[in-house]
Amino acid sequence: MSEQDLAVDRSILSGGSAVVSRSDSEQVTGVARMDLASHREAFGRRPSVRVRNASALIDELAEVALTGRGGGHFPAAVKWRSVAAAGPGGIVVVNGAEGEPGSAKDAVLLQTRPHLVLDGLVCAVEAVGASEAIVWLHQGAESTMRSVRSAIAERVAAGEDGVPIRVVLAPDRYVSGEATSIIRTIEGGPTLPRFVSNPAQPWSDGARPILVNNAETMARAGLVALRGAAQYVPTSLLTIVSRGHRSVVEVGAAETFGTVIATHWSDYAAGEPQAVLVGGYGGSWASWSGVRHLRVDAAALKPAGLSIGAGLVGPLPMSACGIEESTRLVNYLAGQSARQCGPCVFGLAAVAQLCDDLTAGALTSAGRKRLTRFMDEIAGRGACRHPDGAIRMITSALHVFSADVAKHRRGRTCNAKVYGVMPLPGEHS
Amino acid sequence: MTRHHAHDARQQVTDLAGPTLRIDPSLCDGVGICAHLAPDLIALDSWGYPIIDDHALSRKRLMRQAQAVVSACPKKALFIQG
């Protein structure tokens, strides 16, 4: 077996890349679904993670430096240890709600590799001493729901797991994917983010400990449990946004954004992009010259002020305007506020209004100063990270697209011929 | 204290040497009474919501102001941690 074959053999998507539409993640093509039999043939039986070696698996997660792939990149081992330390009888949740609107990687995972995710989930239950397993999905994600439900049925029929796995459906809203929204719902509250004063204990005092991990994080934990840390290949699942569709690809840490985009961005034939939105709609814009040589690796991105976040890669064609696009996104993000925290409710709305003014060529000097002050005031002041992400994206846009800012400020038209590059929920294209 | 002082304080790493005044922003309705009672700890942002100095409450005067706003807040959004 060549080195490349080995790498493919140890990967999540077996070297394939999946294609989904821009508007939803209902139809996945390019990667075939693995049912329980084919999953077991490829990966073997799920090892039992008993109390005796529970900490061994957590140590292995630390060894491979597994971090949260929902966007936060918090070390998984730290989270698992704090839930384990809180005592037995807890709940483990795999978050498949894919809060990031442009992202489709978790839908692809749950539709094509459901048993890898569920193996991770059941291993987590055993490792932290929990007694309940939950798969958290958006209620509109029907294909994902069907795949997960039939995977659970297969496992029940095969007598696979010692713990029942339950599917819980969340409202179709951006903040439904926030870990604190999930915990609050399980504790009987509304599906809204909650302020947490102690990050090591996001559940309520006296309540059952709850571990929440993103679907990709859980699949990777499953991979570590099935294959061992020594065989683990640190790849990233990315969603690449093209005009006609989205591609979900698995990329090694040695590959650069330049090669990934040249290979998987279907609009590349018409020319290189001017910039790339990295991480998510609450991520950062990076200029093409600044990002093309960077490796798809957390350590390589950090010095550039970037994060892989939820794995969204949104190249912006030369024919589009970064300011127009960012204004559209910040309006969407402002509208997705959970409407709980003043700086998010009023601050994001004010920032979106000023961005509208900028795009319309009507931003005064006083307005430009207000925009800077507002962004300063909002950062770090929500119960969740939603407002911070919106501010991060706009801050990077004003920097990366400074030439377009100048054009719009002078009331001149920019050169945009293409609008609405990033998909938004509810749009049809 | 000006808004900018409060903002600078927020940007710095929280001083873990002692108790700090904190807020649950999801409970706050922007009543604003806190900024009047604790002018050395709290400034209001452009929409009337408190920006809180998260330095340790090392001096007695600051601790007194913090305790006063914790009990005065009608939404019970403020608390002292640590």
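Just so you know, all these numbers are worked out from the coordinates, no wet-lab data involved. These numbers come from a predicted model, not from an experiment. Note that each Cβ is placed from the backbone with ideal geometry, even for glycine, and that neighbours are counted across all protein chains shown.
Would you tell me the mean number of C-beta atoms belonging to other protein chains that fall within 10 Å of each C-beta in A:381-393, as a whole number? Taking all residues of A:381-393 together, the mean is 2.
Taking the helices alone, chain A has a mean residue ellipticity at 222 nm of -13000 deg cm²/dmol, built from -39,500 (n - 2.57) per DSSP H run of at least 4 residues and averaged over all its residues.
Whole Å is fine, so just give me how far the alpha carbon centre of the range A:195-269 lies from that of the range A:85-133. Cα centroid to Cα centroid, the span is 12 Å.
Scanning chain A for DSSP H helices at least 24 Å long along the axis (C-alpha atoms) with a Kyte-Doolittle mean no lower than 0.5 picks out A:342-359. Across peptide B:46-58, the mean count of Cβ atoms from other chains lying within 10 Å of each residue's own Cβ comes to 3. In this structure the amide hydrogen of residue A:212, modeled in the peptide plane, comes within under 5 Å of the amide hydrogens of A:93, none closer than 5 places in sequence on its chain. Think of each Lys and Arg Cβ as +1 and each Asp and Glu Cβ as -1; about the Cα centre, that makes the dipole of the range A:120-221 roughly 160 debye.
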